[in-house]
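Chemist: Supplied in structure tokens, the structure appears directly below.
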Amino acid sequence: MKRRVALSLGALGDFLLTLPLLRELRPVGLLSRAVYRVLLPGWLENTAFLPIDGALGTRLFTPDAVFPTQLADLVAGAEIHVFSRPDGLLERNLNRHGAGRLVRLVWHDPRPTAPPHVVARYFADAGLVLPSDWLTTPAMPVAEIGDSLWIHAGSGSPAKTLPIALLVRHAQDWQQETGQPVIISYGEADLALRQPVQQAMATAGIPVEEVVCPTLGELRAQLARRARRFLGADTGVTHLAAALGKEVHVGFRATDPAIWQPLGRCQVFALPR
């Protein structure tokens, strides 16, 4: 059986979209951001997780760096999948520490500009067959159903963020349909939206609960427990809700759903830029 190691260097949504391939690869080691440790599904429980934040990440991209023993032992003789565009320095370091015994080095472009979907591209690059239900299968579904409409107000980019009027309309429809709570979350990059969204919801007479700048662990736990339906833009939080198996409504403005649609129970709609 091949020994495989994966390096995932991207943001939250990028990391979550690597999970279908990681399920097939079952790597012996995974290098990624320390914060993503709380997201690891049970089927990765036997995978050594090494955070790339700080000194370890610096060594990966430092000329002639000496890898710590744990990392050097992982890469020696391994097939390595890197979710990044090719980088000569990183490749030289991996080969050098693999003592020339790397079985294979596979680069997975995490920023394609044209279809197919990034997950389909990952499987093709790995030479593996894409599962037939890949697009509708959440990566880490939870048993909790929840009772609330969860809206993530921002996206980290004004070009992708959904119009406030659309958020209000969905909240109105939800309360008329179910009478259940509306929760609105904000990350650090979304705080400028907080007051305008508060005012719009108050004007519409919609009571809301806010979740402001939670840790990733807190966000995962609350989404799992409380969300029944989720509304958001093409952002990492939306991909997380889909990965948890929630009913997700996702609006695309500046990105292509044919490349970036979240995996799971998703209804996708397009908006003008």
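Each value in this text was obtained by applying a stated rule to the coordinates, not by laboratory testing. Small disclaimer: the values here were computed from a predicted structure and weren't measured. Cβ coordinates were reconstructed from backbone atoms using ideal geometry, including for glycine residues, and neighbour counts include every protein chain displayed.
Chemist: Find the Cα radius of gyration of the stretch 148-270, compare it with 2.2 N^0.38 Å by division, and give the number to two decimals.
Modeler: 0.96
Chemist: From the residues 124, 235, 191, which one has its Cα farthest along the dipole of the chain in the positive direction, the dipole being from +1 and -1 charges on Cβ of Lys/Arg and Asp/Glu about the Cα centre?
Modeler: Positive-end residue among those listed: 124.
Chemist: Right, another one. In debye, nearest 20: dipole of the stretch 1-158 around its Cα centre with unit charges on the Cβ of K, R (+) and D, E (-)?
Modeler: 500
Chemist: Quickly work out the residue 203-to-residue 159 label distance, labels modelled 7 Å from Cα along the C-beta direction, and quote it in nm with one decimal.
Modeler: Modelled inter-label distance: 2.8 nm.
Chemist: Grab the DSSP H runs of the chain that are 4 residues or longer, score each as -39,500 (n - 2.57), total them, divide by all residues and round the 222 nm result to the nearest 500 deg cm²/dmol.
Modeler: -10000 deg cm²/dmol
Chemist: While we're looking at this one, here's another question. Rg (Å, one decimal) plus Dmax (Å, integer) for the alpha carbons of the stretch 172-244?
Modeler: Rg, Dmax (Cα atoms, Å): 12.5, 33.
Chemist: Pick out, in residue order, every one of the chymotrypsin sites (Phe, Trp or Tyr not before Pro) in the stretch 177-267 that is DSSP loop and has at most 11 other C-beta atoms within 10 Å; say none if there are none.
Modeler: Here no chymotrypsin sites (Phe, Trp or Tyr not before Pro) fit, given the DSSP loop and packing criteria.
Chemist: Still on this structure, I have one more. Out of 208, 110, 162, whose Cα points farthest toward the positive end of the dipole of the chain (charges: +1 Lys, Arg; -1 Asp, Glu; placed on Cβ)?
Modeler: It is 110.
Chemist: A further question on this structure: If you build the Cα gyration tensor of the chain and take the root of 5 times each eigenvalue, what three semi-axes come out, in whole angstrom, biggest first?
Modeler: Taking √(5λ) for each Cα gyration eigenvalue gives 37, 18, 17 Å.
Chemist: Just subtract the alpha-carbon distance of residue 95 and residue 169 from 0.36 nm times their residue separation and send over the number in nm, one decimal.
Modeler: Length gained, residue 95 through residue 169: 21.2 nm.
Chemist: Quick check: convex hull of the Cα atoms in the stretch 137-190, volume per residue, rounded to a whole Å³?
Modeler: Dividing the Cα hull volume of the stretch 137-190 by its residue count gives 122 Å³.
Chemist: Between 0 and 90 degrees, rounded to the nearest ten: what's the tilt of helix 12-25 against the longest Cα principal axis of the chain?
Modeler: 50
Chemist: Does anything in the stretch 191-225 have its amide N under 11 Å from the 7 Å Cα→Cβ label point of residue 38, and if so which residues?
Modeler: Under cut-off, by backbone N: 214-223.
Chemist: Give me Rg/Rg_expected for the stretch 4-131, where Rg uses Cα atoms only and Rg_expected = 2.2 N^0.38 Å with N residues.
Modeler: 1.00
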